[in-house]
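These notes are about the structure you will find just below.
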Amino acid sequence: MRQNIFFLKEYAHKVYFQGLLDTGISVERIPRIEEMNEILGRIGWGAVAVDGFIPPAAFMEFQAYKVLVIACDMRQIHHIEYTPAPDIVHEAAGHAPIIVDREYSDYLQRFGEIGAKAMQSRKDFELYEAIRHLSILKELPNSDPEEVAAATRKVEHRQQNLGEPSEMALLSRLHWWTVEYGLIGTLESPKIYGAGLLSSIGESVSCLESNVKKLSYSIDAKNQPFDITTKQPQLFVCRDFQHLTDVLEEFASTMAFRVGGLEGINKAIECNRIATCQYSSGLQVTGTFTEVLSDDKKQPIYLRTTGPTALAFDNKQLEGHGKDYHKDGFGSPIGSWKPIDLREGKSVKLEFESGVTVDGKIDRILQRNGAPIIVSFSNCTVKYGDRVLFEPSWGTYDMAVGDRIKSVFNGPADKDAYLEVALAPKERTIKVPSDAERKKLENLYAQVRKIRDSKTGYERLGEIWETQQAEHHGDWLLSMEIFEILDTTDQQPELKKRIKAFLEEKKAATKDLSTLIGWGFRLVDYHKTPEDHAALQGSRK
């Protein structure tokens, strides 16, 4: 966090530092979930603990209700520069500070509202599971390279065989290239606002280098897939936060919940999951859509679901029309019929302009706002040309009323009543246990922390460092902490010199540590200027 703040003071969007101040997120220790919830509550948001990378649909719905999902894991030290899986640093150092900006916060919530309506497929979920599995493997300290390679191949295979990306897949990309990995300003001199960049010491530096392509953000970003487990080869730059909302609404205008009609129903059929079609009368049909008939003008004239179906109005299930009643599916015409007197108890033959006919006795007319939304028939036959769509022996025929399908969206209209079971990942994240060796190293860190906080016991730093060198030679961060204390207090110059030589050796030998150790030295040097040190302390408060 201290390295990030040091670097980002020049390269992050200006709201980031105001956000750190407003949220009061500490750089001294890892925040608790209760604190995050309280912090976010100050700006009208909340927090919920989740197990790692969650399905996009669930993520979107939480966001719609202004709830930030927080993976409560802490990244391993070998991923301190960049974590392949979400963790609490990502949420605290990345997402929370930027949400302070009202325009950006509104964008996030709106994204959630739109995303919750996005059509999604089973292939989307299978790709999500493959990515989640890969992120879990990559976060392990001693993962099997062959297992990681196999998981990587599975992700690539599922990406290549996704077929036509669903609305959710495309929206997930827009979310990734803005909320997680967005840049803002000009192509020549962009600033960072994406949470994935803000919380990654390594990538916040490397993302601004010339080898990472900078592209102007537009709706075309939906065509660019992403890999959550590695650094990004290109990034998109928006003009300002309003630009994000403009692109989001542009994409929303193409979605089934706005377009409706034949295109919307076909999307529901392709996704083969629970969805809702809303008639122009307001009647909502929730189920798994399997068929739609259309006329010569490409207008839908009859729709059909298979399996449990429910009818609702204004997102509330209609009494007697739950999925237990319509357990075998539902079918109904779409459009208007030739004028005829509709009365309960009367036998009629409705002739739709499409050519569909409904012939039976009206048992009940259900109305809302003074207009019919369902007409229930007994002894009813429904036909389209020579095809019989409903026979009298099948029971009561409940016919939906509506000239057109105005909206089609993912999931049930009345979520509570329909009780849809969401797809959830079976694989859990792996909590790395503290073995005896690691506990010894953690004890050394605790000793150094106590010396740093109490400002006493500096003479013990040499003994602690020698123990680390003898028993935990692969560790570098403890050496950097001791080096900083010695530099700040002008203690034991010979020990400081030896530690610096060790760190320089690590820096030269390991590419991954080059940025971390290099910026660590710069942070130590930064403290030597009193005014700058005061400025840093101010930002930390």
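The values are calculated or read from the model by the stated rules, or taken from the named source; none is laboratory data. Since the model is a prediction, treat every value here as computed from it, not as a measurement. Positions of Cβ are generated from backbone atoms using ideal geometry, with glycine treated the same way; all protein chains shown enter the neighbour counts. Just so you know, the surface numbers come from the protein's heavy atoms only, side chains and all, with ligands and any DNA or RNA stripped out. Shrake-Rupley method; radii C 1.70, N 1.55, O 1.52, S 1.80 Å.
Counting only protein heavy atoms and a 1.4 Å probe, region 176-252 has 36 square angstrom of accessible area per residue. Treating the angle as unsigned and between 0 and 90°, give the value, to the nearest 10°, between the Cα long axis of helix 511-526 and the longest Cα principal axis of the chain. Value to nearest ten degrees: 60. Within a straight-line Cα-Cα reach of under 21 Å, Lys440 can be paired with the following lysines, leaving aside sequence neighbours fewer than 8 residues apart in one chain: Lys431, Lys450. On region 1-147, 51 percent of the accessible area sits on carbon and sulfur atoms, based on a 1.4 Å probe.
Each part reduced to its alpha carbon centroid, region 198-277 and region 427-451 end up 38 Å apart. Evaluated with a Cβ-only charge set (Lys, Arg +1; Asp, Glu -1), the chain carries a dipole of roughly 360 debye about its Cα centre, given to the nearest 20.
With respect to the chain, whose longest principal axis is taken over its alpha-carbon atoms, helix 493-509 is tilted by about 40°.
In plain terms, the bigger the Kirkwood radius, the slower the diffusion; for region 1-104, with that radius from Cα pairs, at 37 °C and 0.692 mPa s, Stokes-Einstein puts D at 232 µm²/s.
Ordered from largest to smallest accessible area (heavy atoms of protein chains, 1.4 Å probe), the residues Glu180, Glu391 come out as Glu391, Glu180. Give me log10 I(q)/I(0) at q = 0.18, 0.22, 0.33 Å⁻¹ for region 262-305, Debye formula, one equal scatterer per alpha-carbon, no solvent. Scattering profile of region 262-305, log10 relative to I(0): -0.47, -0.70, -1.26.
Taking the accessible area of region 224-293, probe 1.4 Å, and keeping the other protein chains in place, the carbon and sulfur fraction comes to 48%. With a simple spin-label model that places each label point 7 Å from the Cα along the Cα-to-Cβ direction, the separation between Asp328 and Glu10 comes to 7.3 nm.
Debye-formula intensities of the chain, expressed as log10 I(q)/I(0) at q = 0.07, 0.09, 0.12 Å⁻¹, are -0.52, -0.75, -1.12 (one equal scatterer per alpha-carbon, no solvent). Rolling a 1.4 Å probe over the protein heavy atoms leaves Arg32 with an accessible area of roughly 130 Å².
Working from the Cα coordinates of region 202-247, the gyration tensor eigenvalues give, after taking √(5λ), semi-axes of 20, 13, 9 Å in decreasing order. Listed by chain and number, the aspartates and glutamates whose C-alpha is less than 15 Å from the C-alpha of Lys297, apart from same-chain residues fewer than 8 away, are Glu263, Glu353, Asp403. In region 179-226, the C-alpha radius of gyration followed by the widest Cα-Cα span (Dmax) gives 10.6, 29 angstrom. Shown in residue order for region 25-38 are the 3J(HN,Hα) couplings computed by the Karplus curve 6.51 cos²θ - 1.76 cosθ + 1.60 at θ = phi - 60°: 5, 7, 9, 8, 7, 6, x, 8, 4, 4, 5, 4, 5, 5 Hz (x for Gly and Pro). The ellipsoid equivalent to the alpha-carbon distribution of region 360-419 has semi-axes of 24, 16, 14 angstrom, derived from the gyration tensor eigenvalues as √(5λ) and listed largest first. Remark: region 297-313, residue by residue, has Karplus-estimated 3J(HN,Hα) of 8, 6, 9, x, 10, 7, 10, 8, 10, 10, x, x, 9, 10, 10, 9, 9 Hz, where x stands for each Gly or Pro and the curve is 6.51 cos²θ - 1.76 cosθ + 1.60 at θ = phi - 60°. Between Asp240 and Lys497, the contour length at 0.36 nm per residue exceeds the Cα-Cα span by 87.8 nm. Once each part is reduced to its C-alpha centroid, what is the distance from region 297-332 to region 469-527 in angstrom? Value for the Cα centre distance between the two parts: 67 Å.
Less than 5 angstrom separates the built amide H of Gly329 from those of Gly307, Thr309, all sequence-distant by 5 or more or on a different chain. Between Val432 and Asp475, the contour length at 0.36 nm per residue exceeds the alpha carbon distance by 13.8 nm. To the nearest 10, the accessible area of Ser393 is 100 Å² with a 1.4 Å probe.
Counting heavy atoms of the protein chains alone, Phe6 has an accessible area of about 20 Å² for a 1.4 Å probe.
The long axis of helix 122-139 is offset from the longest Cα principal axis of the chain by roughly 10 degrees. Less than 5 angstrom separates the built amide H of Val50 from those of Ile70, Ala71, Cys72, all sequence-distant by 5 or more or on a different chain. Whole-Hz Karplus values for region 7-18 come out as 6, 6, 4, 9, 10, 8, 4, 4, 5, 4, 6, 5 Hz, taken residue by residue from phi with 6.51 cos²θ - 1.76 cosθ + 1.60 and θ = phi - 60°; glycine and proline positions read x.
Where the alpha-carbon atoms of region 146-260 are placed on the principal axes, they occupy 46, 37, 20 Å, in descending order. Straight distance only, please: which aspartates and glutamates reach the Cα of Lys426 with their own Cα at less than 12 Å, same-chain residues fewer than 8 apart left out? Within the straight-line cut-off, Lys426 pairs with Asp51, Glu126, Glu129.
Over the chain, DSSP H runs of length four or greater, each weighted -39,500 (n - 2.57), average out per residue to a 222 nm ellipticity of -12500 deg cm²/dmol. Placing pseudo-labels 7 Å out from each Cα toward the beta carbon at Leu162 and Asp220 gives an inter-label distance of 1.8 nm.
For region 426-522, the share of accessible area belonging to carbon and sulfur comes to 52 percent (1.4 Å probe, ligands and nucleic acids excluded).
Taking amide H as placed 1.01 Å from N in the peptide plane, the amide H of Ile301 sits under 5 Å from that of Leu293, Ser294, Asp295, each at least 5 places away or on another chain.
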